[in-house]
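> Got a structure here, written out as structure tokens. Questions coming.
The values are calculated or read from the model by the stated rules, or taken from the named source; none is laboratory data. These numbers were taken from a predicted model, which means no experiment stands behind them. Ideal geometry is used to build each Cβ from the backbone, glycine not excepted, and the neighbour counts take in all protein chains shown. Quick note on the areas: whole protein, heavy atoms, side chains included, nothing else; ligands and nucleic acids left out. Shrake-Rupley method; radii C 1.70, N 1.55, O 1.52, S 1.80 Å.
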Amino acid sequence: MPSSRRPTYAPPKRSGRPGAGNGSSAEPRKGAGNPAPSDGDVITASRSMTDPSEPKPAKPRETSGATVLAFPEPRGRRRRKQVVLALGAVIALVAGLLVAAVYSPVLALQTITVTGTKIITPAQVQAALEPLRGRPLPQISDADVSALLGSLVQVKSVSVEARPPSTLAVAVHERVPVALVKQGEQYQLVDVDGVQLATTDDPASAALPVIDGGAGAIGQDLFRATAAVLGALPADVLAKLSNASAQSVDAVELKLVDGQTIVWGNASEKELKAKVLAALLKAPADPKNPVRVYDVSVPRHPVTR
């Protein structure tokens, strides 16, 4: 630590005679730059002494005297925050309502209505969908209904509509029978894909043509070609047919109940051929020259003979 002692220096007394003292005869020169000290003057000097073993005092940290001013938040930012909070509250509310609706027993299925059935009955569809009863309507999808109706081959597709609080409306789109195939003493109703939809003992009750031999006798290719032709015909023309046959996929022939023959050809342009045939069948008949053959194999140039 700094010493408190202050050393002093006192010059020796000079005699007034030259050469007195320690033998020095030279007297300091007086000059403007070196004033001679007068008798009795004391020259003092002080110096701070520090102990090198002692640690230096820590330098005090500077503290800022600045004042921080708090500015108000911009109005646009506050408004955006309010909008975000409001949207979050709305989303949370909607999510809660959806969860409540999905699992609420208030929306449990109790009634199943069925429309669009002709070959099968609504009771068959309702029985197949019985496992869905009691399940909340939001949990029932078209896929669930289609899976349960998969055992009913007559059903091609379905449309499902939930009618809260407890009704499920099912619109059935059935496969359309286009022909009869004789199997023993019975006739099977088949669609264009050859799917067997129903059976009957009286072919006249179905008002459909009979495919000679069926798929087992004429082969799958010929059967599909014939069924595709029948599927393109409108219902009123289909009801006038008695049977259908095919020597090859390019030689499909149809027979009307009146005995006339329809030369159809292959299954190409079947929609145009069906329109041309319908127009020919509506033309007035000439008793003197009755038509025996309707040839629509080239639909843009049909021939009757």
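> Need the failing condition index for V293 against (1) over 54 Å from the mean Cα position of the chain (by Cα); (2) within 15 Å of L238 (Cβ to Cβ); (3) open to solvent by less than 60 Å² (accessible area, probe 1.4 Å), just the number.
With respect to (1) over 54 Å from the mean Cα position of the chain (by Cα); (2) within 15 Å of L238 (Cβ to Cβ); (3) open to solvent by less than 60 Å² (accessible area, probe 1.4 Å), V293 is out only on (2).
> Name the residues in the stretch 191-201 that are part of a loop (DSSP other than H, G, I, E, B) and either open to solvent by 80 Å² or more (accessible area, probe 1.4 Å) or in contact with a Ser or Thr (Cβ under 9 Å, 6 or more places away or on another chain) (or both), would you?
To start, the set of residues in the stretch 191-201 that are part of a loop (DSSP other than H, G, I, E, B) comprises 191-195, 201.
The answer is D193, D201.
> Within the set of pairs 6+ apart or on separate chains, which have a first residue in the stretch 182-208 that is basic (K, R), a second that is surrounded by 18 or more Cβ atoms within 10 Å (Cβ to Cβ) and outside any loop (DSSP other than H, G, I, E, B), and C-beta atoms under 7 Å apart?
K182/V210; K182/G214
> So A244 passes all but one of these: (1) hydrophobic (A, V, I, L, M, F, W, C); (2) surrounded by fewer than 16 Cβ atoms within 10 Å (Cβ to Cβ); (3) under 24 Å from L197 (Cα atoms). Which condition number does it fail?
If we test A244 against (1) hydrophobic (A, V, I, L, M, F, W, C); (2) surrounded by fewer than 16 Cβ atoms within 10 Å (Cβ to Cβ); (3) under 24 Å from L197 (Cα atoms), just (2) comes out false.
> Of all residues in the stretch 259-282, which are over 15 Å from V303 (Cα atoms) and either in contact with a Lys or Arg (Cβ under 6 Å, 6 or more places away or on another chain) or open to solvent by less than 40 Å² (accessible area, probe 1.4 Å) (or both)?
A267
> Residue check, A235 against (1) of a type in the set (G, A, S); (2) more than 22 Å from A207 (Cα to Cα); (3) open to solvent by 70 Å² or more (accessible area, probe 1.4 Å), all met but one. Which one?
Checking A235 against (1) of a type in the set (G, A, S); (2) more than 22 Å from A207 (Cα to Cα); (3) open to solvent by 70 Å² or more (accessible area, probe 1.4 Å), the one that fails is (2).
> Only one of L208, L256 is open to solvent by less than 30 Å² (accessible area, probe 1.4 Å), farther than 19 Å from V176 by Cβ and assigned by the TED database to the domain that holds Q183; which?
On the way: L208 fails: farther than 19 Å from V176 by Cβ.
None of the others qualify; the one that does is L256.
> Follow-up. At least 3 residues that are touching a Phe, Trp or Tyr at 6+ places or on another chain (Cβ under 7 Å) in each: list the strands (runs of 3 or more DSSP E) lying fully within the stretch 229-300 that qualify. First the steps, then the outcome.
Values: elements: 241-246, 252-256, 261-265, 293-295.
Passing ranges, in order: 252-256.
> Sticking with this one: Answer yes or no as to whether A285 is within 22 Å of I119 (Cα to Cα), open to solvent by 50 Å² or more (accessible area, probe 1.4 Å) and at pLDDT below 90.
no
> Which residue is nearest to S146 (Cα to Cα), if the candidates are limited to the stretch 175-187 and must be assigned to a strand (DSSP E or B) and open to solvent by 30 Å² or more (accessible area, probe 1.4 Å)?
We begin by selecting, within the stretch 175-187, every residue assigned to a strand (DSSP E or B); these are 179-183, 186-187.
If we keep only those that are open to solvent by 30 Å² or more (accessible area, probe 1.4 Å) as well, we get 182-183, 186-187.
Details: K182: 30, Q183: 30, Q186: 30, Y187: 28 Å.
Per the stated criteria, the residue is Y187.
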